[in-house]
Structures are given as structure tokens and as C-alpha cells.
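The values are calculated or read from the model by the stated rules, or taken from the named source; none is laboratory data. Small disclaimer: the values here were computed from a predicted structure and weren't measured. Cβ placement follows ideal geometry from the backbone for every residue including glycine, while neighbour counts extend to all protein chains displayed.
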Amino acid sequence: MRFRSTGYTPLMLMAQTCALLGFACYAVVLTTLQEEWHLTNLESGLIASAFFFGYMLAVPLATALTDRVDARKVYLIGGISATAGLLGMGLFAYNFWTALFFMAINGAGLAGTYMPGLKILSDRIKSGELTRHIAFYTAFFGIGTGFSYLCSGWILSALGWHYVFGIISLGPFTAFLIVLLLIPPLQHEKWKGSVKIRLHDIFPVDKWKLVLQDKKASGFIFGYTAHSLELFASRSWLVAFFAFCTAVSGESFFLAATTLAGVINFFGVPSSILGNEIALRVGRQKWVCIVMCTSAVLGISLALSTGHSWWLIVALAIGHAIFIMADSATLTAGLVISAQENIKGAAMGLHSLLGFGGGMLGPALFGFVLDISGSRTSQVAWVWAYVAVVMWGVLFVLYERRNGWVGKEAQ
């Protein structure tokens, strides 16, 4: 089956949605496992962070390979790995250490699908505005994670946490089938003969230095790191936060916490797409600075809202989700456009590596601050935990404005 170049985008959006169905499984079952396995908040956060640790371990190799072979091949391996990690969690995980291992495998699988999926598109789309395809691709991260919350919550309430991981593993396996059966290989393979990957191919330090020397490109990478730290910390702990709000006020939300978290995630999809359109008009760097400062204010306001009416908490949670995602596509598209063509794959690898490095740090940092400031039964602890993850965006803005990054607008 053959498609016009733009016809690949809907297929990759469908595949990405399926591949991301396992993203929020652990966030949904976090409080259940915390009680069953007697975990501290730090341990709970570390299991969430293990997902991003696995991603960080695998993404340098995955992105290095996409510069040498068709990214489609890398994607297929990633889909199988994510499926294996989720099945392992459902069938074999029974404590903190086994959960760390299988969550890392799941994260490594995502590394083989997320950026390689973007590379599949950029290698095949030769007409039109590429940044708009990138904007839709990054925005669909919210659709995949939103469905992940919804489906995981439904399965948890009906069958239990083991089935959450087991059934959801069909998601990345479906993504594997979509790419295998519907995305044809590149007509001209990038690399002839055997592919030899050496250590400096996996960690192309020389190329990364060139990327970081470009202040415009490096700004997008560091911004993505701060963005990811806040985003993934918030997503990992949002269900637990809603449970805390219910316990404090004694007033139930109009939806189950897992369903509500999933619905809120969907707001990030139009936010990311429209954010990219606004950035094209006002300037990418300027838009990133506005969004990060607004997101920080909304995140702290959300933490302070416990004990108030559910409609206020939900409104602030939606506002925070919107502004967390409003610069997501802008940061990734800005990096893709500004990176030099000969090191674009390495630039995307570093972007993803540092971004998900922030994602690895965020959930654990959030849990650690909860532990040291009063545990998850204290409102003050939740406020400090949110401050600990939103402040990095503000620090990034202050630093980059001082260094003139905002003046280096992408053309």
C-alpha cells in the first residue's frame, strides 16, 4: 500500500497514540502499588522515573541508528520492547526492584518509537510546512497519554492492576503492526552494507558539542528539558493529587480521578498545535518564555487549591495542562528547524535525551519533596512539590533572556 508523503502523518499519529497507551499505566496504579508494596513517596517516584531512565539509556542508540538506517526498523524494535516491558509489569513485577526493571524496559521501548517515529515523517515528507506535521505529531502525545489514563483507569476498576499492564501492552504491539504493514521502507536505504555502531555513534559527543555551540538550537534543548521535568512530574502525580484533594475536602469530583486526569490531558493536544501557530507569529523563543512563566503560576495555584471546590481545582488543572503543553511542539519544531542538516539526527537525539532526563528527574524529585516536607497527606508538602518542579522553567527563562536567546528568533 502506497501513500502520498503527507498520507504517512495520519498513520504515524495513530501508531503514536497506540504506542503511548502504556505511558500512564503506572501513574494510575501508583497509589494502589504504594499501599500493596508499602512504598515511600520517593520509591513511588523512582519507579515512575525508571521509565524515563530506560528511555535515556536507549534513545542515544535509537537516534544514532536513524541517521544510518531507515527509522522504520528502529521503530519496530521499540514497539516490541515496550510490549515486553508492559507484559513484564503485569505478569512478573512484585516489588520495588522488579518494577524498576520492567518500567525501564517499557521506557526503552518508547525511546525506539517516539523520536524514530518523528524521523520516519521527516524522512518521507518532502512538501508543505514540515513544522505543522511535527506540531501534530508532538501534540498527539497528549492524545496517547490521555487515552492511557482513561483505559488504565477503567481496567483498574474492573479487573485490577495486573490486567492494566497486560491489556494495555496491546497498544504498542498495535503500533508495531501499523508501521510494519502500512509504512513502506525508504526506497533508497541510507546506509549500504553492514551497519557498525561504535560508542561515539551512540554518544556522538563531537556532534553534540556542535549542537550546543549553536545557542539558538541549545536553547530549545534546555527549554525542552525544563518543560519535560514539569510535564512528567505533573502527569505522574496528578491522579494521586486528585485523590488527596478528595480526602481533604470530602467532596468527590464529578469524574473518577483517573478519568479526569485523562480528559485533562486531551486539552494539551489543541494547546500544542495552536501554540505552534502562535509561535510562528510572535516568535518561538518569546512564546516559550511566556508559556513557561504562566505554567509555573498555574502549577503553584493548583497546589494551593486543595480544600476548595472541585470546579476550581479542575479549572486550574486544565489551565496548567494547557500551558505545560503550549510550548511542546514549539520547542521540538524549533530544534528541528534550527539544527544543521548534517547533525540533525544527533541534535534530535540530544534533545530527546536531555528532555527525558528532565522527565526522569521530575517524578522522583516530586516524591522526594513530598517526603521531606510532610508526605502526601499535607497540603504544604504538595505546594512545595509543585514549586520544586515548576521553578526550572522560570529559571530557564531568566537565564536565556539574560543571554539574549529571545533575540535569536528562528526564521
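Observations
- Ser271 being of a type in the set (Gly, Ala, Ser) and either closer than 23 Å to Ile143 by Cα or in contact with a Ser or Thr (Cβ under 8 Å, 6 or more places away or on another chain) (or both): yes
- Answer from Val288, Val239, Val282 - the residue that is buried (at least 23 other Cβ atoms within 10 Å of the Cβ), over 19 Å from Ala139 (Cα atoms) and over 15 Å from the mean Cα position of the chain (by Cα): Val239
- A residue that is surrounded by 22 or more Cβ atoms within 10 Å (Cβ to Cβ) and in contact with a Cys (Cβ under 9 Å, 6 or more places away or on another chain) occurs somewhere in segment 121-144.
- Residue match in segment 255-263 (condition: closer than 26 Å to Cys151 by Cβ and part of a loop (DSSP other than H, G, I, E, B)): yes
- Only a single item in (1) touching a Leu at 6+ places or on another chain (Cβ under 9 Å); (2) over 23 Å from Leu354 (Cβ atoms) is not met by Leu255, and it is number (1).
- Qualifying residue in segment 336-348 (condition: modelled with pLDDT of 80 or more, among the basic types (Lys, Arg) and surrounded by fewer than 23 Cβ atoms within 10 Å (Cβ to Cβ)): no
- Scanning segment 253-263 for residues being surrounded by 24 or more Cβ atoms within 10 Å (Cβ to Cβ) and under 24 Å from Ala135 (Cβ atoms) gives a total of 2.
- Residues being modelled with pLDDT under 85, of a type in the set (S, T, N, Q) and not in a helix (DSSP H, G or I) - total across segment 85-129: 1
- Some residue of segment 159-182 being touching a residue at least 60 places away in the same chain (Cβ under 8 Å), farther than 26 Å from Ser234 by Cβ, in contact with a His (Cβ under 6 Å, 6 or more places away or on another chain) and not basic (Lys, Arg): no
- Listed conditions (1) touching a helix residue (DSSP H, G or I) at 6+ places or on another chain (Cβ under 8 Å); (2) at pLDDT 90 or above are all met by Leu57, apart from (2).
- Checking each residue in segment 361-375 for being surrounded by fewer than 24 Cβ atoms within 10 Å (Cβ to Cβ) and either among the hydrophobic types (A, V, I, L, M, F, W, C) or free of Cβ contacts under 8 Å to residues at least 12 places away in the same chain (or both) picks out Leu361, Ala364, Leu365, Phe368, Val369, Ile372, Gly374.
- Hits in segment 7-58 (condition: buried (at least 24 other Cβ atoms within 10 Å of the Cβ) and in a loop (DSSP other than H, G, I, E, B)): Phe23, Ala24
- Screening Leu312 on (1) assigned to a helix (DSSP H, G or I); (2) touching a residue at least 60 places away in the same chain (Cβ under 8 Å) shows it passes everything except condition (2).
- Hits in segment 332-387 (condition: β-branched (Val, Ile, Thr) and within 25 Å of Ala135 (Cα to Cα)): Thr332, Val336, Ile337, Ile343
- Condition met for Thr66 (touching a Pro at 6+ places or on another chain (Cβ under 6 Å), of a type in the set (Ser, Thr, Tyr) and modelled with pLDDT of 95 or more): no
- Cβ-Cβ under 6 Å pairs, at least 6 apart or on other chains, segment 57-79 side under 23 Å from Cys18 (Cα atoms) and free of Cβ contacts under 8 Å to residues at least 12 places away in the same chain, far side basic (Lys, Arg) and outside any loop (DSSP other than H, G, I, E, B): none
- Residue in segment 186-204 that is at pLDDT 90 or above, surrounded by fewer than 24 Cβ atoms within 10 Å (Cβ to Cβ) and under 26 Å from Ile125 (Cα atoms) present: no
- Which numbered condition Val406 fails, given (1) modelled with pLDDT of 90 or more; (2) hydrophobic (A, V, I, L, M, F, W, C); (3) touching a Lys or Arg at 6+ places or on another chain (Cβ under 7 Å); (4) surrounded by fewer than 22 Cβ atoms within 10 Å (Cβ to Cβ): (1)
- When Cys245, Cys293 are checked against the criterion of being under 21 Å from the mean Cα position of the chain (by Cα) and either farther than 28 Å from Ala346 by Cα or surrounded by fewer than 22 Cβ atoms within 10 Å (Cβ to Cβ) (or both), a single residue qualifies: Cys293.
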